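> One structure coming up, written as structure tokens, with questions to follow.
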Amino acid sequence: MTSPPETITTPARPRLPQTWPLTATLIATSLGFGVIQLDVTVVNVAVKQIGASFGGGISGLQWVVSAYTLVLAALILTAGALGDRFGARRMLCTGFAVFTAASGLCGLSTSLAMLIAARAVQGLGAALLGSCALALLNHSYTDPGRRTRAVGQFVAGASAALSGGPVIGGFLIAAFGWRAIFFINVPLGAVGFWLALRYASETDRSAGRPVDTRGAALATIALAGFAAAVIEAGTYGFASPWVLAALGCSLAAAVAFVAAESRTASPMLPMSLFRRPGFVSPVTMGFLVNVCFYGLIFLFSLLFQAKHRMSALETGLAFLPMTAAILGANLISGRVNAAIGPSRAILTGLAAMTAGCAGLLWVNPATGYPAMLAQQILLGGGLGTLVPPMTSVLLASADRSRSGVTSGALTAFRQAGSLLGVALFGSLAATDFYRGFHAALCICVGILIVSAGVVVGAGIAGRRGGGGRASAGPVCALYHDGHAFRRSRHAHPHRLEVLSRRRLRAGLPFAGPGLR
């Protein structure tokens with residue numbers, strides 16, 4: 001008697017979440033990160049008008065800009081830990097509420113002191129938004145391919161807000177006055193708050209984990225000291241006693257933070273993350289790339305306004321080609337990443353940025369704007385190409401219970417790089433602009449070439465080390481050949497996600513789609 005044939009059952013394909021809740025979550029997180037970036041640049045074009053209303057001199061007006069940046073940089077890591085503890089959606093909504101209310105107070109300010117205080121509160125809301133937006137996005141998009149595309153769109157929105165800030169600010173000031181640049185945040189914040197509250201799903205909460213107050217305090221002191229030092233270095237130079245004292249305080253707090261986090265049972269930022277290649281590589285590259293890009297953005301602003309005598313609105317319009325290049329590259333980054341893999345996508349972006357910097361080395365007082373247009377497009381396109389895969393790898397490596405502080409760490413490192421780039425390049429160009437501009441470009445070329453060399457070297461070492469080990473150092477895992485994924489690329493999507501996360505938690509490379 002023959003036995004009946006064995007029935008082979010194929011696991012049912014998991015139902016994807018409905019499209020609109022995911023889209024609404026993407027819009028809400030993009031708005032949260034976008035308003036942060038918008039307020040980094042939009043206030044710069046209103047300083048003259050604010051000074052005409054309140055006076056206060058250069059020092060007081062500088063703190064209208066710096067109070068926001070300082071609080072944002074100081075609290076971003078702590079805000080990420082709060083997102084892990086109480087839920088990223090809850091903290092994102094809190095951030096929207098704080099940021100929106102503070103924006104309204106900025107617009108209603110009756111004195112310079114009130115405006116500076118409201119800007120500091122804005123920084124608090126921005127810290128909550130910046131650290132929890134990526135964590136919520138990571139929680140919502142579990143499929144690696146869809147996550148990469150969502151990150152590209154997320155970064156595109158932030159890039160548009162950052163680069164379009166001068167244009168938006170110039171238009172609003174010309175039409176309605178300087179207070180409009182703050183009031184515009186109120187409807188944006190209200191829409192983001194409602195979308196997140198209505199459609200986003202809450203992240204896993206580590207309610208049983210005690211709050212690491214000592215680690216939070218030390219991280220805040222370290223980041224605040226660093227931010228204050230580089231902000232003041234732009235005015236007084238890095239040799240100033242106050243700048244050196246702030247740097248010393250920051251360094252001491254950072255050392256104490258590492259020591260405390262290594263010993264506590266429930267650290268805010270586990271030191272084990274720094275042994276995980278998928279964490280170390282993105283945050284390091286995020287810091288270095290931001291030093292180059294945002295330092296150059298600052299010099300371009302000086303070049304256009306001080307040397308080419310452009311108005312604030314004309315300066316904003318001059319940045320539009322670069323903005324368009326960033327947006328275009330961000331929006332197609334998911335397809336590029338799937339086609340050639342993250343390592344080649346990042347190398348392509350670094351090569352484009354290097355070519356753009358090298359092409360500006362011959363700029364002199366007689367150089368017109370059209371002669372710099374192609375180089376700006378290369379810089380923007382390069383940045384837009386490399387940031388989404390870099391961010392996606394970090395998100396994929398994050399433990400669900402630590403996604404907030406992981407996202408906060410990336411934002412903190414990138415913010416620190418931006419501050420350092422502006423202060424360093426600004427000091428180089430303080431006495432002789434064009435000589436300082438060329439020196440800054442040479443520094444950027446060196447940083448970008450070294451970064452590309454590390455990527456190439458890590459790939460070669462990874463192939464020699466074999467498909468199952470990340471033995472070539474911290475950068476290797478980001479670019480290592482994904483042999484396990486390619487053997488399983490037609491397998492069940494849920495199995496691919498499980499495979500990716502198991503490899504990352506073991507310290508092995510991300511087995512994501514298209515990894516070459």
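The values are calculated or read from the model by the stated rules, or taken from the named source; none is laboratory data. All figures in this text were calculated on a predicted structure; none of them were measured in a lab. Note: ideal-geometry Cβ built from the backbone for every residue, glycine included; neighbour counts use all protein chains shown.
> Going through G157, G152, G170, G165 one at a time, which residue ends up being part of a helix (DSSP H, G or I), among the small types (G, A, S) and out of contact with any Gly (no Cβ under 6 Å at 6 or more places or on another chain)?
G165
> Quick check on my filter: what residues within the stretch 41-60 are within 21 Å of L162 (Cβ to Cβ) and modelled with pLDDT under 75?
Residues satisfying the conditions are T41, N44, V45.
> When you scan the stretch 380-388, do you find a residue that is surrounded by 24 or more Cβ atoms within 10 Å (Cβ to Cβ) and β-branched (V, I, T), even just one?
yes
> While we're here: Residues to consider are G83, G125, G95; find the one that is touching a Cys at 6+ places or on another chain (Cβ under 6 Å) and either among the charged types (D, E, K, R) or within 18 Å of T220 (Cβ to Cβ) (or both).
Every option except G83 fails the conditions.
> Next up: With assigned to a helix (DSSP H, G or I), surrounded by 20 or more Cβ atoms within 10 Å (Cβ to Cβ) and touching a Cys at 6+ places or on another chain (Cβ under 6 Å) as the only criterion, which of G225, G215 stands out?
G225
> Let me ask another. Pick from the stretch 322-373 the residues that are among the β-branched types (V, I, T) and touching a residue at least 60 places away in the same chain (Cβ under 8 Å): which of them is surrounded by the fewest Cβ atoms within 10 Å (Cβ to Cβ)?
The selected residue is I340.
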